[in-house]
Ligand SMILES: Cc1cc2nc3c(=O)[nH]c(=O)nc-3n(C[C@H](O)[C@H](O)[C@H](O)COP(=O)(O)OP(=O)(O)OC[C@H]3O[C@@H](n4cnc5c(N)ncnc54)[C@H](O)[C@@H]3O)c2cc1C
């Protein structure tokens, strides 16, 4: 089809249109062509790299917060190292390593944790002394440096040359690009992409890769799609050549000074991630903003300049070339957007690169091309899934408030319990005022403010040791363990599925048996075609043709998209998101049954385990399910959101007391209950997680064939519980686990187990170590701490407490 072209050579049709000629667009086009999609084209409204890419500092540092994000950058490093040989176009790859210094004990812990992670992910990194750091960076003042991490494989690249090489590689495989060709409209039909209007004419297409950098929110709006990306000013200082700089140096990061530093053309490049950045009004970045910069702002840069002069005394006499101020796009959580949009089929986002676009671009372009061609990324990338943001995040007010803070978090110490300060209260739960009255400390999830714990008296100081809220969370756990707890669950995603074909449809999309009789509650998984876990959920069957699915707070947009996309044209099924309409409270603990009786709701006490029923509590119409995420007996009780305060107050009057999500989290880790995105994701198959009991082999659920093919072989990894002997250690999750033969896996969640009196963790480890009482070591910021493997739940392994007949 694509040989039918307009006069200017633009095809009338292309299988895939990549919009935007920065690093993301060029890399995506290259990988599409490499995978055989020579019909792909790239449209750039100005010139290649003219948005942000041309002025990037272009450092490439491999280590990220997760293995898969790290692997994307490692892929980039390999690619950038070999592109010149492949294409004949230089990319300016300089492999001089990187150095991160610490000037206080908490930063030292932070970089030691990073060095431990690097080991886990196979990234070369070692902790070195201040003296050694000084030897690697002779211009550096090391007087206050207490240690550093050295990563030899990192480097930097010339961003424009890199894009030229990628385009050359793409063209050699038949793909084409068109400059001065702006997309002015995105065309959809029945919720699917069908074409684009451009300044040079219309092109029909089935798929778009939206790689439009700073302009992505506006570009997404052309297709009715939320793209929560916002521009922020981003600075680096350039000096004229300095005599003492000869050759190339590693990239030096002084995170406490908010600085990164490297040589540039014989002088210095001093960039910053200041604590609070400067948001940009998108109207300042019109369509003709090409190869442009923003005005210098020395007042804003002044504190970083001060820090830079301390770190590099030689800067005092250097001649300043310019203070470069370039715009870059950021997202509300600091991770980029990669994947198909929830709202429109065929619209794939590859944007919001949060100042690591050049480092990530090689791998991210590969992953985006793969996602477009195969319908799913090559590895789990839930951290980048555009569907992780509620629509409230797409507002200008929320984004312009949040992204300046996000720029600063790049160099913050990753203390556990760190909360964002900006763009709060986007969504409030029905009981928000009650929680305020109880002095809740709030955490934000999917825009919702959720109580983390109660009786907060002052802003807690953050630490890697026992947190300030340790005692309070312990008291809340004991409420659930000894009395009756009220747990706010209203933020959970709630999806109603109804209609004549609801049961057979759910039986196909869910792994468990959905044909069980009305009144049953079923724990199930959603699997992808490869058998990887997409979501875990509980399904209440209220009626023959009426179900409600309870999914994780942050999963609802993704799960809804998956569920609607797997509905067949001839199926009579209605799918409805009722998250806002329905409130949900957990009433848990040994006294819960007395609370129910005192309220005249003995019907609750008659409800069997994993059963659901409707009734009234204190004149409030409710449905209750006898399940537990905390390992204590009780119910999850749903009512209309408008009735939530009445229900809560009735439970409170009978002695039940609120318990926050940190206590819930501690209890679920003790019980070995998994949390999506922490312990399980699409890289996990049910057997590894011990969740194969959810598989109904008699039905043809999605993912079954892949699992059947693997059925003969035992999983090589298993999720287990770990119990620490030393009650004073504070595991946080994401730490290496070491067995006799070396690294065997990593912790995925961790907490203090108040009912056990010991710290506990869940960990994904080599299956051969998944034996009760096996002793392993956990690398906590470089210190090895012993823990005992438990193959089931660490607390109450038989589930006696939560299964106990409520009235017993
Ligand atoms: C000062 C500074 C320093 C940085 N340092 C680093 C670093 O050290 N390491 C690192 O990895 N990253 C760094 N970055 C970030 C990195 O440069 C960016 O993440 C990356 O360049 C973004 O690439 P992109 O392809 O997403 O966007 P862009 O390069 O902005 O490309 C988007 C393109 O889309 C085009 N476009 C938009 N709308 C349309 C339309 N409707 N039709 C057609 N075309 C359209 C634009 O013209 C533009 O060319 C830095 C950024 C800045 C500002």
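Sorting 215, 230, 393 from the fewest to the most surrounding beta carbons within 10 angstrom yields 393, 215, 230. Counting beta carbons within 10 Å around each of 572, 645, 622 and listing the fewest first gives the order 572, 645, 622.
Taking all C-alpha pairs of the chain, those more than 51 Å from each other amount to 16 percent. Taking the longest Cα principal axis of the chain as reference, the axis of helix 357-374 is set at about 60 degrees.
Quick one: Kirkwood hydrodynamic radius for the range 431-491, alpha-carbon pairs, angstrom, one decimal?
12.6 Å
Once you reduce the range 476-539 and the range 736-808 to the center of their Cα atoms, the two points are 25 Å from each other.
Average projection, convex hull of the Cα set of the range 154-295: 12.1 square nanometres.
For the pair residue 775 and residue 445, the difference between a 0.36 nm per residue extended length and the Cα-Cα distance amounts to 115.3 nm.
Size check on the range 295-396: the Cα extents along the three principal axes, sorted descending, read 55, 30, 21 Å.
Compared with the direct C-alpha span, the chain from residue 576 to residue 516 gains 19.5 nm at full extension, assuming 0.36 nm per residue. Based on the Cβ-Cβ distance of residue 698 and residue 740, what FRET efficiency does E = 1/(1 + (r/R0)^6) give at R0 = 41 Å, to the nearest 0.05? It comes out at approximately 0.50.
For the pair the range 195-239 / the range 672-714, the C-alpha centres are spaced 37 Å from each other. The order of 709, 304, going from fewest to most other C-beta atoms within 10 Å of their C-beta, is 709, 304. Restricted to Cα atoms, the range 20-113 shows a radius of gyration and a Dmax of 16.9, 55 angstrom.
What separates the Cα centres of the range 290-332 and the range 50-106 is a distance of 21 Å.
Segment residue 566..residue 768, full-extension length gain: 69.0 nm, with 0.36 nm per residue of separation and the alpha-carbon distance subtracted. For the chain, take the longest principal axis of its alpha carbons; what is the angle in degrees between that and the long axis of helix 159-172, to the nearest 10 within 0 to 90? The angle comes out near 80 degrees. Relative to the longest principal axis of the C-alpha atoms of the chain, give the angle of the C-alpha long axis of helix 661-670, reported between 0 and 90° and rounded to the nearest 10°. Between helix and principal axis, roughly 80 degrees.
For the chain, what does the helix formula give at 222 nm: sum of -39500 (n - 2.57) over DSSP H segments with n ≥ 4, over the residue count, nearest 500 deg cm²/dmol?
-7500 deg cm²/dmol
Here, the range 393-466 has an Rg and a Dmax of 13.5, 38 Å when only alpha carbons are counted.
At a Förster radius of 51 Å, what calculated FRET efficiency corresponds to the Cβ-Cβ distance of residue 12 and residue 106, to the nearest 0.05? Let's see the in-between values first.
Details: r = 59 Å, r/R0 = 1.16.
Efficiency, from the Cβ-Cβ distance: 0.30.
Approximating the spin labels as points 7 Å out from Cα along Cα→Cβ, the residue 471-to-residue 652 distance works out to 2.4 nm. Remark: the range 1-158 projects, on average over all directions, an area of 11.9 nm² (convex hull of Cα atoms). The Cα trace of the range 671-774 gives Rg and Dmax of 15.2, 48 Å, the first to one decimal, the second as a whole number.
Bear in mind these aren't lab numbers, they're just calculated from the coordinates by the rules spelled out. Predicted model, so just to flag it, every value in this text is computed and none were measured. Neighbour counts are summed over all protein chains in view; Cβ atoms, including those assigned to glycine, are modelled from backbone coordinates with ideal geometry.
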